[in-house]
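> Would you mind keeping the following structure in view while I ask a few things?
The values are calculated or read from the model by the stated rules, or taken from the named source; none is laboratory data. The model shown is predicted, which means the values in this text are computed figures rather than measured ones. In this analysis, Cβ positions are derived from the backbone assuming ideal geometry, glycine residues included, and neighbour counts consider all displayed protein chains.
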Ligand code: NDP
């Protein structure tokens, strides 16, 4: 008799090194745990060291390997240092998941320069910084998987999310461009656009808005962080070698 684990995607990432930004909670934590379960050594990145430690400890307690690197993903110098430290420690980078992200929602007439800049820096600049810092190592090895977490807001737009939608649409443009730049080196670059996923980010919407969201989503529920992590695992796998420059939407039919 098979159990539900037997029916899950089986991917072996033994001897691979994966980097996950925003690994302290939510979707990033689920991704880090999934890549760890698949056998990758996981570098967990976010600002909150205690929370990062919880993620790393969970990977290690399941028999995996993990290290934490507390850092602000918007800081170019720190990102460079962290990427150097990872390569010093583990000598390679196979999978890079750019997941860290924030919202600072408000309508455009009320949006401050700071709200615009913070969201663009955290959600988009960070993807550029990590990609630039990691790409040479991947190209030298002629292997790599870059997976960028965008959003359906980057495809559809969303009132109150001018900064966020712009950052997420920017990720899609960057993904497609880098994919074309490095496809010949066997490095793939793809984006995932989650719809509404149950995490602290969507908890902040409150129960009334969440109920409205559930009515709008054809699947009539929020997605789970695990469902996003499962898609990351596929894109990180050998099976996805010919998939690059693509945008995979995981939204219960919201954009169908
Ligand atoms: P959470 O708010 O739960 O987690 C965000 C993560 O990003 C945390 O680990 C946080 O860590 C990290 N982070 C934020 N700012 C920085 C920073 N300056 N430096 C380093 N790390 C940072 O969000 P979710 O898990 O819900 O979202 C993860 C990604 O998925 C985001 O990019 C989000 O835009 C995207 N997404 C989410 C959806 C959803 O419905 N939840 C839908 C579509 C896309 P710390 O605070 O410790 O630094």
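> Hey, any hits in region 104-122 for a residue that's part of a strand (DSSP E or B), over 16 Å from residue 160 (Cα atoms) and within 17 Å of the chain's Cα centre (by Cα)?
Checked against the condition, which is being part of a strand (DSSP E or B), over 16 Å from residue 160 (Cα atoms) and within 17 Å of the chain's Cα centre (by Cα), region 104-122 yields no hits at all.
> Scan 220, 214, 186 and give me the residue that is farther than 15 Å from residue 151 by Cβ and within 13 Å of the ligand (Cβ to nearest atom).
On inspection, the qualifying residue turns out to be 214.
> Next up: Being away from the ligand (no atom under 16 Å from the Cβ) and within 16 Å of residue 145 (Cα to Cα) is the filter here; which residues of region 31-55 pass it? I'd like the intermediate steps shown before the answer.
Going through region 31-55, the residues away from the ligand (no atom under 16 Å from the Cβ) turn out to be 37-41.
Residues satisfying the conditions are 38, 39, 40, 41.
> Quick one: residue 153 ticks every box in (1) touching a residue at least 24 places away in the same chain (Cβ under 8 Å); (2) crowded, with 18+ Cβ neighbours inside 10 Å bar one, so which box is it?
(1)
> Quick one: which residue in 225, 240, 166 is within 15 Å of the chain's Cα centre (by Cα) and either touching a residue at least 40 places away in the same chain (Cβ under 8 Å) or surrounded by 18 or more Cβ atoms within 10 Å (Cβ to Cβ) (or both)?
The unique qualifying residue is 225.
> Which one of the conditions (1) under 27 Å from residue 143 (Cα atoms); (2) away from the ligand (no atom under 13 Å from the Cβ) does residue 61 fail to meet, given that it meets all the rest?
(1)
> Taking residue 137, is it within 15 Å of the chain's Cα centre (by Cα), buried (at least 18 other Cβ atoms within 10 Å of the Cβ), in contact (Cβ under 8 Å) with a residue 12 or more places away in the chain and not in a loop (DSSP other than H, G, I, E, B)?
In short, no.
> Next question, about the same structure. From the list 84, 15, 72, which residue is away from the ligand (no atom under 16 Å from the Cβ), farther than 18 Å from residue 230 by Cα, without any contact (Cβ under 8 Å) to a residue 60 or more places away in the chain and not in a helix (DSSP H, G or I)?
Details: 84 fails: not in a helix (DSSP H, G or I); 72 fails: away from the ligand (no atom under 16 Å from the Cβ).
After ruling out the rest, the residue left standing is 15.
So that you can scan it fast, the table gives a plain yes or no per residue for (1) surrounded by fewer than 19 Cβ atoms within 10 Å (Cβ to Cβ); (2) within 22 Å of residue 74 (Cβ to Cβ); (3) at pLDDT 95 or above:
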| site | (1), (2), (3) |
| --- | --- |
| 1 | yes, no, no |
| 6 | yes, no, no |
| 9 | yes, no, no |
| 13 | no, no, yes |
| 32 | no, yes, yes |
| 38 | no, no, yes |
| 42 | no, yes, yes |
| 50 | yes, yes, yes |
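> Being at positive phi and within 16 Å of the ligand (Cβ to nearest atom) narrows it down to one residue among 28, 22; which is it?
Working: 28 fails: at positive phi.
Within the list 28, 22, the selection yields 22.
Let's see how each residue does on (1) touching a helix residue (DSSP H, G or I) at 6+ places or on another chain (Cβ under 6 Å); (2) farther than 13 Å from residue 43 by Cβ:
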| site | (1), (2) |
| --- | --- |
| 85 | no, no |
| 93 | yes, no |
| 98 | yes, no |
| 103 | yes, yes |
| 119 | yes, yes |
| 125 | no, yes |
| 129 | yes, yes |
